[in-house]
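Asker: Take a look at the following structure, please.
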Amino acid sequence: MSRRQSSRSIVANPVLVGAVTTLVVVIAVFLAYNANNGLPFVPTRQLKVELPNGAALLPGNDVRAGGFRIGIVEDMKPVRLDSGVVGAEAVLKIDKKVGEIPRDSIVTIRPRSVLGLKYVEIARGRSEETFKEGDTLPVSQSKLPVELDQLYNIFDKPTRDASQENLRGFGNTLTGRGVSLNRTIEEFPRFLTHLEPVMSTLGNPSTGLGTFFKELGDAARVVAPVAQRYSHSFTAGADTFEAWSRSPESLKETISRSVPSLDAGIRSFPVQRPFLRDFARFSRALSRAAAELPRTLPRITPTLRIGIPVLRRTPPVNLELAKTFTSMEELFESPGTGQALRGLVATANTLNPTLRFVGPYITVCNYFNYAWTNTADHLTEPDPTGTSQRTLLNQAPRQDNSPGSLGAARPANGENVISGTPAHLHVNLYTAAVDRQGNADCESGQRGYVRRLNTFGDPRNNIVTDPHIPGNQGPTFTGRARVLPGQTFSRAPTQGPPMLPEFDP
């Protein structure tokens with residue numbers, strides 16, 4: 001019973017209730033006031049962030065990641081950055097429950113409301129390295145948004161005046177043109193349909209539109225000093241553009257075919273740079289020679305006039321020459337080429353003296369053709385199956401000491417010592433084709449029977465055995481008077497035992 005009374009007395013006491021209420025309110029106000037600096041008894045870690053400027057960031061602003069609050073801004077102070085300019089350093093207090101912050105994370109200062117309230121957004125990276133307690137995130141990993149006041153700053157007085165003038169001009173433009181506007185709105189969907197692939201192409205990174213405008217700016221900067229001279233070129237070019245407008249199909253075809261050419265130029269220009277550098281050095285070296293051209297051109301002009309037609313015919317020759325060089329290279333790299341060349345040298349050493357001796361028999365006396373003419377006649381005897389060789393059986397003559405007799409020592413129809421019958425033999429070997437001066441001396445087939453031309457034989461035998469008959473016999477019926485100009489020749493064989501001087505007059 002006494003306990004109930006004591007409980008009633010505590011609740012019923014207005015002073016005690018007021019004191020407790022006041023204490024609760026004070027604690028709540030204290031906690032609310034210090035909420036900007038973090039709730040008590042919540043473990044945190046400190047991270048410093050370098051910023052290009054303060055961006056109106058204040059202590060107590062939120063720090064968010066993925067839209068969730070993970071900490072607050074504890075402090076802001078000016079610092080000098082590594083670049084030498086003055087920036088800001090924000091000290092962040094981050095709850096430990098969100099885990100470690102990767103080293104490649106990005107910090108962005110974003111507006112929280114149109115009234116200028118800001119918060120810090122952390123885009124977590126993927127690096128395995130993390131920031132330690134008190135580490136500093138560099139300014140290169142922080143971003144500042146464009147503020148509304150910065151956006152509004154573009155509307156200064158000249159801009160506002162120009163906007164008013166534009167509005168006035170737009171009003172004058174649209175006044176009384178309702179029909180045209182309706183027609184434009186009607187055609188606009190079709191225009192956008194065709195515009196979409198164009199914009200897709202221009203927006204593609206491979207188009208290089210950004211690089212194009214950058215290079216266009218560089219080109220304008222380079223051309224600026226000579227703008228006055230170029231103005232005349234553009235004035236004169238108006239005539240050219242006017243001619244283009246008369247044939248739009250030709251212009252369209254030219255533009256469509258220019259794309260592959262430009263692509264090829266993009267690929268080839270980097271390759272041409274070393275050549276262009278060398279060509280620039282060559283041009284500088286050639287400038288002194290060019291200074292001499294006014295004096296030397298009158299002498300060079302006739303040479304150029306003759307050489308130009310020759311050079312025009314050179315490319316086909318060069319193409320064939322390149323194939324020849326390729327074939328020669330393959331030939332020289334072949335393992336058997338050296339052996340073949342050595343064999344060719346040996347063949348030339350053997351063949352050259354033979355050709356020098358045999359050549360006049362063909363080129364001067366025409367014996368080669370005569371031999372084939374007689375051969376054709378030799379193979380014309382008709383037989384039951386076609387033709388056969390014309391041959392006769394040669395028998396030894398019936399005489400004393402006949403070639404058909406054992407131990408014969410006399411020529412056919414040779415003189416019989418007992419009966420005194422004269423001998424007949426016409427077998428002169430290695431008859432001449434030319435004399436030592438190259439004049440025709442075609443002895444074979446040029447004479448009849450020659451008597452007693454037997455230097456070492458019995459003078460009673462009417463036989464011819466000497467190789468060369470004295471005097472020149474001249475050419476054959478279809479032969480030449482002498483050897484061809486430039487042809488080397490030899491009257492006697494240059495290989496084997498030499499001929500006796502008395503046999504080679």
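Asker: Could you count how many residues in segment 40-84 are of a type in the set (S, T, N, Q) and part of a strand (DSSP E or B)? First the steps, then the outcome.
Answerer: Filtering segment 40-84 down to residues of a type in the set (S, T, N, Q) leaves 44, 46, 53, 61, 83.
So of that shortlist, the ones also part of a strand (DSSP E or B) come out as 44, 46.
Count: 2.
Asker: Looking for whichever is under 16 Å from residue 137 (Cα atoms) and either modelled with pLDDT of 60 or more or under 60 Å from the mean Cα position of the chain (by Cα) (or both) here; the options are 24, 42, 49. Which one fits? Explain how you work it out, then say what you get.
Answerer: Numbers: 24 fails: under 16 Å from residue 137 (Cα atoms); 42 fails: under 16 Å from residue 137 (Cα atoms).
Just one listed residue meets the conditions, 49.
Asker: Moving on to the next point. Only one residue in 86, 49, 79 is within 25 Å of residue 150 (Cα to Cα) and either of a type outside the set (A, V, I, L, M) or surrounded by 17 or more Cβ atoms within 10 Å (Cβ to Cβ) (or both). Which one? It would help to see each step written out before you state the result.
Answerer: Values: 86 fails: either of a type outside the set (A, V, I, L, M) or surrounded by 17 or more Cβ atoms within 10 Å (Cβ to Cβ) (or both); 79 fails: either of a type outside the set (A, V, I, L, M) or surrounded by 17 or more Cβ atoms within 10 Å (Cβ to Cβ) (or both).
Testing whether each residue is within 25 Å of residue 150 (Cα to Cα) and either of a type outside the set (A, V, I, L, M) or surrounded by 17 or more Cβ atoms within 10 Å (Cβ to Cβ) (or both) leaves just 49.
Asker: Taking segment 365-394, which residues are surrounded by 11 or more Cβ atoms within 10 Å (Cβ to Cβ) and either touching a helix residue (DSSP H, G or I) at 6+ places or on another chain (Cβ under 6 Å) or not assigned by TED's automatic domain parsing to the domain that holds residue 434 (or both)?
Answerer: Result: 367, 368.
Asker: OK, next. Quick check on my filter: what residues within segment 87-116 are closer than 17 Å to residue 65 by Cβ and among the small types (Gly, Ala, Ser)?
Answerer: Scanning segment 87-116 gives 90, 99, 105.
Asker: Give all pairs with beta carbons closer than 7 Å in which a residue from segment 336-364 that is assigned by TED's automatic domain parsing to the domain that holds residue 439 meets a residue that is loosely packed, with under 14 Cβ neighbours inside 10 Å and assigned to a helix (DSSP H, G or I); count only pairs at least 6 apart in sequence or on separate chains.
Answerer: Going by the 7 Å Cβ cut-off, the qualifying pairs are 362/368.
Asker: I'm checking my understanding of the structure. Among residues of segment 109-139 that are part of a strand (DSSP E or B) and over 55 Å from the mean Cα position of the chain (by Cα), which one is modelled with the lowest pLDDT?
Answerer: Step one: filter segment 109-139 for residues part of a strand (DSSP E or B), giving 109-111, 118-123, 130, 136-137.
With the extra rule that they be over 55 Å from the mean Cα position of the chain (by Cα), the set shrinks to 118-119.
Values: 118: 85, 119: 88.
The qualifying residue modelled with the lowest pLDDT is 118.
Asker: Still on this structure, please answer the following. Identify all residues within segment 338-382 that are outside any helix (DSSP H, G or I) and either under 21 Å from residue 478 (Cα atoms) or at pLDDT 85 or above (or both); write none if there are none. Even if it seems obvious, please write down each step before you answer.
Answerer: Going through segment 338-382, the residues outside any helix (DSSP H, G or I) turn out to be 364-366, 379-382.
Of everything in segment 338-382, those that are outside any helix (DSSP H, G or I) and either under 21 Å from residue 478 (Cα atoms) or at pLDDT 85 or above (or both) turn out to be 364, 365, 366.
The values are calculated or read from the model by the stated rules, or taken from the named source; none is laboratory data. Here the structure is a predicted model, which means the values were calculated and not measured. Cβ: placed from backbone, ideal geometry, glycine included. Neighbour counts: every protein chain shown.
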